[in-house]
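A.B. asks: Dropping a structure here in structure tokens format, bear with me for questions.
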Amino acid sequence: MITAAKFDEWRIIPRILIFGYGVFAIYVGVWFMGLEQPVASQSAFVSIIWGASAGWFGLYVKTGRSSAE
């Protein structure tokens, strides 16, 4: 039987969120590369999405149990 501690240890929800955001970021990048004449606002949108993906990944890596425990 899966206990709450084991479920938390596997970090299923954060992994799903990171995967979903990665798919979203890739989709936005592909959309942007397909534009014929991108404007500044579209470029800013893509920059924000990809910049935030670094922040999301950083939060994911820094949270959870440390290896020292």
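Read-outs throughout are calculated quantities, based only on the coordinates presented, and are distinct from any laboratory measurement. Keep in mind that what you see is a predicted model, and the values were worked out from it rather than measured. Every residue, glycine among them, receives a Cβ derived from its backbone with ideal geometry; neighbour counts consider all protein chains shown.
A.B. asks: Under the classification rounded if a/c is under 1.5, otherwise prolate if a/b is larger than b/c and oblate if not, where does region 4-62 fall, given a ≥ b ≥ c as square roots of the Cα gyration tensor eigenvalues?
C.D. replies: prolate
A.B. asks: Within 10 Å of each candidate Cβ there may be at most 13 other Cβ atoms; applying that plus a DSSP loop requirement, which trypsin sites (Lys or Arg not before Pro) in the chain survive?
C.D. replies: 65
A.B. asks: Compute the long axis of helix 40-62 from its Cα atoms, compare it with the longest principal axis of the Cα atoms of the chain, and write down the angle in degrees, 0 to 90, nearest 10.
C.D. replies: Around 10 degrees separate the two axes.
A.B. asks: A further question on this structure: Is it possible to state the helix-based mean residue ellipticity at 222 nm for the chain, with each DSSP H run of 4+ residues giving -39500 (n - 2.57), the sum divided by total residues, to the nearest 500 deg cm²/dmol? What is it?
C.D. replies: When only DSSP H runs of four or more count, the value is -25500 deg cm²/dmol.
A.B. asks: A further question follows. Which whole-Hz couplings ³J(HN,Hα) result when phi for each residue of region 5-17 is put into the Karplus expression 6.51 cos²θ - 1.76 cosθ + 1.60, θ = phi - 60°, listed in order with x for Gly and Pro?
C.D. replies: Using θ = phi - 60°, the values come out as 5, 5, 4, 5, 5, 6, 6, 5, 4, x, 5, 5, 5 Hz.
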